[in-house]
Amino acid sequence: MNPLFPERTSLLVTVLSAEEAMLAVAAGAGVIDVKNPLEGALGAPAPSVIKAVRAVTPSHIHVSAALGDMPFLPGTAALAAVGAAAAGASIVKVGLYGPSNPEETLLLLEAAVGALRDHFPETVLVAGTYADAPRFGGIDPLEVPECAARTGVAGCLLDTFDKSSGRTLLDLMPLVMIDKFVSSCRERNLFSALAGSLGSDETVLLLPLMPDYIGYRGTLCEGGRTGRLSREKVRQISLALTEGSL
């Protein structure tokens, strides 16, 4: 399996099916991410989809799966984490939608990490937070890396919750704050991932921050994030990340 800390920023491609997973791998994706955009920013896919994607993805490439935009329900998060791991995900991402403070965040992450440790110790957890969290009373994204480090989480994702507005990660959070998020992860030995309606313009600004992963869906599709993945668009962004520029 590829190391969780790549030498350079790696491409994470969100797919909706095994067919899209094969396309993304062939075009250069570093991580295959499975989610259901019809159920939210980090909408949970069916276990059968995770299983099918894992079956067609080379064994050295991580398959990540979203657990949903999770309310403050630690038991539900724990069960979802085990379910995604059982279906074949080596990375599971929980969206911190419900927790509104560090105390609640710690409880939810501890439950999910503990469940994975007991049942699927080789599967790691990612804490997903949202740049627009203040709009719905979610935890401050800059508080999440410390919570993650204290609970044994492997990495943190900074994304956007509202995908309907067309606003990107950089529209919702200043670049200097995104840099603080990435640096905070690095200081705590956590890998970092950035996503949120990103295109080439945003990628140019984010690459110098040296996140471990940048995730894409909508910009790689014909017809938006629920449309069909384009092999050529995946190939272009993969080459850009490999070369370190667009």
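Readers should treat all values here as calculations from the given coordinates under stated rules, not as data from a laboratory. The shown structure was predicted, so the numbers you read here are calculated from the model rather than taken from an experiment. Please note: Cβ atoms are built from the backbone with ideal geometry, for glycine as well, and neighbour counts cover all protein chains shown.
Residue-wise HN-Hα couplings along segment 208-215, as the Karplus relation 6.51 cos²θ - 1.76 cosθ + 1.60 with θ = phi - 60° gives them from phi, are x, 6, 6, x, 6, 9, 10, x Hz; Gly and Pro carry x.
Projected over every direction and averaged, the convex hull enclosing the alpha-carbon atoms of segment 188-246 yields 4.3 nm². Treating r as the C-beta distance of SER200 and ALA46 and R0 as 41 Å, the FRET efficiency rounds to 0.80. Taking 0.36 nm per residue of separation and subtracting the current Cα-Cα distance, fully stretching the chain between THR242 and ARG8 would add 83.5 nm.
Given +1 at the Cβ of Lys and Arg, -1 at the Cβ of Asp and Glu and no other charges, the dipole of the chain around its Cα centre is 520 debye to the nearest 20. Looking at the chain, what % of its DSSP beta bridges pair antiparallel, to the nearest 5? Roughly 5 percent of the DSSP beta bridges within the chain come out antiparallel. For SER10, the residues whose amide H sits under 5 Å from its own are TYR213, ILE214, ignoring neighbours fewer than 5 places away on the same chain, with H placed 1.01 Å from N. Structural size metrics of segment 85-154, computed from C-alpha coordinates, are Rg and Dmax of 12.0, 36 Å. Computed on segment 4-150, with alpha-carbon pairs under 8 angstrom and 6+ residues apart, the relative contact order is 18 percent. For a straight C-alpha distance cut-off of 22 angstrom, the lysines reachable from LYS180 (same-chain residues fewer than eight places away being disregarded) are LYS93.
Based on the alpha-carbon gyration tensor of segment 10-243, what equivalent-ellipsoid semi-axes (square roots of 5 times the eigenvalues) come out, in whole Å, largest first?
With the √(5λ) rule applied to segment 10-243, the semi-axes are 24, 21, 16 Å.
Converting phi to 3J(HN,Hα) with the Karplus coefficients 6.51, -1.76 and 1.60 and the offset θ = phi - 60°, segment 112-125 yields 5, 4, x, 5, 5, 4, 6, 10, 9, x, 8, 8, 10, 9 Hz in sequence order, with x at every glycine or proline. Fewest neighbouring Cβ atoms within 10 Å first, the residues SER165, SER10, SER100, SER184 line up as SER165, SER100, SER184, SER10.
For the chain, averaging the sequence separation of C-alpha pairs within contact (under 8 Å, six or more residues apart) and dividing by the residue count gives a relative contact order of 19 percent.
Compute the projected area of the convex hull of the Cα atoms of segment 37-176, averaged over all viewing directions, and report it in nm² to one decimal place.
If I average the Cα hull's projected area over directions, I get 8.4 nm².
Taking 0.36 nm per residue of sequence separation and removing the Cα-Cα distance, the ARG228/LEU73 pair yields an extension gain of 52.5 nm.
Close amide H contacts of HIS62 (hydrogens built in the peptide plane, cut-off under 5 Å, sequence separation of 5 or more or a different chain): ASN2, ILE32. Using 17 Å as the cut-off for backbone N distance, which residues of segment 83-98 belong to the label zone defined by a point 7 Å from the Cα of GLU122 along Cα→Cβ? Only 83-92 fall inside the zone, counting backbone N under 17 Å. Ordering ALA131, ALA27, VAL204 by Cα displacement along the dipole of the chain toward the positive end leaves ALA27 in first place; charges were set at the Cβ atoms of Lys, Arg (+1) and Asp, Glu (-1). Return the whole-Å distance between the Cα centroid of segment 187-219 and the Cα centroid of segment 104-154. If we compute the Cα centre of each part, the gap is 19 Å. Look at the Cα gyration tensor of segment 148-219: its axes a ≥ b ≥ c give a/c of at least 1.5 with a/b over b/c, and that counts as prolate.
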